[in-house]
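The values are calculated or read from the model by the stated rules, or taken from the named source; none is laboratory data. This structure is a prediction, so every number in the text was calculated from the model and none was measured. So basically every Cβ, Gly included, is an ideal-geometry build from the backbone, and we count neighbours across all protein chains shown. To get the accessible areas, we keep the full protein, side chains included, count just its heavy atoms, and leave off ligands, DNA and RNA. Shrake-Rupley method; radii C 1.70, N 1.55, O 1.52, S 1.80 Å.
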Amino acid sequence: MVSEVSDVQEFLSKQALFQHLNAEALATASSQSYTSFSRSGALINLREDAGLLVLRSGSVEIRKRNGELLDRLSEGDFLLPKVLLQHALQAMALEDCLYYELAATAYNALYTSDKDFSLLCQSYTRRFGEVSMEVQNPAISPAISSGELLLQKRVADFMSSPPVCASPHITILEAAKIMMAKNVSSLLITQDEDLVGIVTDRDLRTRVLAAGLPDSMSVSAVMTPEPSAIDKSELLHRAQIKMMSAGIHHLPVVDGKQVAGLIGLSDIVRANNIEPVSLIGSVRHANNVAALVDISRQFPALVARLIERDTRSTEVGEIITSLTDGLTNRLIQLAQQELGDAPCEFAWLAFGSQARQEQVIGSDQDNALILSEACEPQNADYFKKLAEFVNEGLGDCGVLLCPGDIMARNDKWRLSLRHWFECFNQWIQAGSPKDLMHASIFFDMRHIYGEKKLSAALQNHVLESAKKNTIFLAHMSDNALIHSPPLGFFKTFVLEKDGDHIHSLDLKKRGTIPIVDIARNCSLSAGISAVSTVDRLKQVADAGVMSHGLVNSLLDAHEFIAGLRLDAQGRQYRAGEAVDNYLDPKTLSPLMRHQLKDAFHLVRQAQAAMKARFGGGLI
Amino acid sequence: MALYKLPFYFKRWKNKDRVGKTALAPLYENIPFTLSRGFLDTRFVVVDCEMSGLDAGKHQLLSIGWIAIEKGRIVNGSARHLLIHAEKGLGDSAVIHGLQAANLAGASSIAAVLLLLIKQMKNSVLIFHHAPIDMQFLQLASINNFRYPLLFSYIDTMALENRKMQMQGKQYSVRLGESRKRYGLPVVNQHNALCDAVATAELFLAQVNYLGSPEKVRLKHLNVQCS
């Protein structure tokens, strides 16, 4: 007898469920399979002795008894007869189909011995399960959460530890001697192991030598008191962003309150050999808009490189946003150099994706100004000019002007704190979901520049009033349900709920935005101040609004969808095409198809949970 | 159709005593199938042979592939592909079938292969796509090795397809690949005895499903014949 790879085995080896199996396991599976045929229009015979059906050719529709379409399968898709029988679902051949039935014994053997196989089958089972807020055993498809977190770089792995510390009571001279002896450029000042300050080479130059102070003075007089610090469990790039935005080169690392080490910008550069550091640096030192425009030309290439390095999408979002933040800060400073100091206190706010730190290449700008109550009408002109300068500057740097004109240069969005309160009150007390339709991005806000207390006051006001207003939450949830993910994929199309097909998928509208909306609504209902979707969801789980299981799955789904969107954008950028949010289903591998389908299902589940909680009227 | 049983009984009666001591005995103990027998209750063995040419007198069998159908579905684990010792020089088609001399070195004797096939044939209906040629070679091999021909019931999917075309008044090709296309069956790129047997088996399932719902199809609908 000739030993050879059968057609069945060859086919199975390319499918999501089997592709990771070795040749021996594949041969065993295919030898325990049957081939069947169903004529178009006939119901598929779901036999008890078949654990799994894989479609070889043709197509199949899965419907409820009442006719509601649940799924449509084409070549390579699979179904589990037991699950369909349990839920009294019917599988009908839409076109003549040839399919492989895997014997129940072989299915069970794979299910118990192969984790990837069983996870994929479990996620399939859940697709037809009941929808509930409390999903006990969350759906996590294998590759969605394949331990990537372990590979993430943490501050703790790159800091120098133990740090060189000294008491605040020593003299400047003693401090300098310690630094020389230990060959360090910065010294942490601690009292009872708590961090109270930091002294760097630069401080010694600028605050001691240049100021002509005697070295016999206490070091506490020249240290930077209460320096910002970072927890050792944080991701490395957070430390980087913190340093870049504060314009410092050393960051103390803490473990709770205790000093654990010190991390320098050079450590990060070494760890990542990443460019944002230098880019942000040059943004901070650019002397005019033209220089900023020049620098920002490098952003897309940087992002493309980050994507190539498999940087997580949340990180990429944070890095792009940190660049936009840096540009905004610098532009405001440049505007003030031109226009003079502001006549009253103000705060520059970012909304939407910049606020959530989730910008991508080609994100537009959404921003506004809060002016202090004391602002006189005659000063309005100053802020108009400032806003125009910054908005246009950002536009020139590639942060597109907002098509909805939600920008500080719009008179509507330069308000005193009192008027902002009124504005938000109007939204929160809106009479219909429609009145709120375009307001949702305002509920993602983050302080960028100016008086932080103004932004904080507004944010507190919004959180306080939103949380109590159930009608508002219902309206918001109604609006959030307008964008629902598709059912899945069929052949090379995207399958819609009503059985329609579309050619390409808007990953932003149909994938990311629904998750962002869920996170926003749930966190508003619990008065959570976090703005980024990931932080919001985590806190939503902690607050008990949604189960940890569902949130964890949703976080995985979010990272997966956002990652796909980024990858597609990276490809478009490299190919010199216009960057958009569309995904062509043809480019998906079988496993990715399956995972994306799972992710969509989860989002729909979470939407249903949100609807149940806030009582929206639509779905 | 009912005439299928007559030649079966005749051949059985004529040779039964004489084949008694040969390997063919089990085949001659079979009785013809009742034609009201259901498709789902019948075991089928789909067979395809590769030969060095088309003339059974001059050319020889190179390989045989087969696969069984039980309860209306193809049993993938039953697939066999057996190469046969070259006894005469290979004809042109060896190249077509991609069978290299090296491959044939690990082959079995025709007698051994026939014995394996005979085991499969018990209580089963054989299926061929274009039966006459394959059967000619198989019968000659049987006579050469066991002195008597094989005795079995068979269905020819090409004949089934021809009958369908005639009833529909159409004149499309009834070759394996073309016939499969009409049932939306996937294109098969590889051609050897086993691949063609599997392709024929799939075609047969499609044909049966188009005759009616499988639980209602009986052997009398399938043009069963006697070897």
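Things worth noting here:
- Note that region B:156-220 presents 49 Å² accessible area per residue, ligands and nucleic acids not counted, probe 1.4 Å.
- Which of B:L40, A:Y111, A:G544, positive extreme of dipole for the protein assembly as shown (C-beta unit charges): B:L40
- Using a Förster distance of 25 Å, the FRET efficiency for B:A112-B:R43 (Cβ separation, nearest 0.05): 0.65
- Shape of chain B, Cα gyration tensor, a/c cut at 1.5: oblate
- Among the listed pairs A:K497/A:K538; A:K412/A:K467; A:K468/A:K611; A:K509/A:K597; A:K434/A:K611, those beyond 20 Å (Cα-Cα): A:K497/A:K538; A:K412/A:K467
- Across the options A:Q595, A:L251, B:S173, the greatest Cα extent toward the positive end of the charge dipole of the protein assembly as shown (unit charges at beta carbon of Lys, Arg, Asp, Glu) belongs to B:S173.
- The charge dipole of region A:155-271, taken about its Cα centre with unit charges on the Cβ of Lys, Arg, Asp and Glu (plus for the first two, minus for the last two), comes to roughly 360 debye.
- Residue-averaged [θ]222 nm for chain B, counting only DSSP H segments that reach four residues, each worth -39500 (n - 2.57): -12500 deg cm²/dmol
- Note on chain A: with neighbouring protein chains present and a 1.4 Å probe, carbon and sulfur make up 51 percent of its accessible heavy-atom surface.
- Each Lys and Arg contributes +1 and each Asp and Glu -1, all at the Cβ; summed about the Cα centre of the protein assembly as shown, the dipole is approximately 3840 debye.
- Mean Kyte hydropathy of -0.5 or more with a Cα span along the axis of at least 27 Å, helices from DSSP in chain A: A:313-339, A:548-574, A:590-614
- Rolling a 1.4 angstrom probe over the protein heavy atoms with all chains in place gives region A:155-271 an accessible area of 51 Å² per residue.
- Rounded FRET efficiency, nearest 0.05, which uses the C-beta distance separating A:D381 from A:A530 and R0 of 41 Å: 0.65
- Placing dummy labels 7 Å off each Cα toward the beta-carbon, the span from A:M437 to A:S167 is 6.9 nm.
- Straight-line cross-link partners of B:K181 among the lysines, defined as a Cα under 22 Å from its Cα and at least 8 positions apart when in the same chain: A:K491, B:K164, B:K170.
- Added length on full extension, which subtracts the Cα-Cα distance from 0.36 nm per residue, A:A181 to A:A575: 136.5 nm
- For region B:203-227, residues shielded by at least 40 square angstrom of accessible area compared with the chain on its own, probe 1.4 Å: B:N209, B:Y210
- For region A:461-538, the solvent-accessible area of protein heavy atoms averages 34 Å² per residue (probe radius 1.4 Å; ligands and nucleic acids excluded).
- Area buried, chain A against chain B - accessible surface, total, 1.4 angstrom probe, square angstrom: 2100
- Span-like helix criteria (full DSSP H runs; alpha carbon extent of at least 18 Å along the helix axis; mean Kyte-Doolittle hydropathy of at least 0.0) are satisfied in chain B by B:131-146, B:193-211.
- For region A:3-66, size of Cβ-based charge dipole, Lys and Arg +1, Asp and Glu -1, in debye: 520
- Complex-versus-alone comparison for region A:6-49, residues with a loss of 50 Å² or more in accessible area, probe 1.4 Å: A:D7, A:Y34, A:T35, A:F37, A:R39, A:R47
- Estimated at 0.36 nm per residue, the fully extended path between A:A290 and A:D542 surpasses their Cα-Cα distance by 86.1 nm.
- Remark on region B:147-190: accessible area falls by at least 50 square angstrom from chain-alone to full-complex state for B:P186, probe 1.4 angstrom.
- Shown for chain B: the carbon plus sulfur share of the solvent-accessible area, taken with all protein chains present and a 1.4 angstrom probe, equals 54%.
- For chain A, the mean residue ellipticity at 222 nm estimated from helices alone is -13500 deg cm²/dmol, where every DSSP H run of n ≥ 4 contributes -39500 (n - 2.57) and the total is divided by all residues, rounded to the nearest 500.
- Across the options A:Q357, A:P377, A:A347, the greatest Cα extent toward the positive end of the charge dipole of region A:340-388 (unit charges at beta carbon of Lys, Arg, Asp, Glu) belongs to A:Q357.
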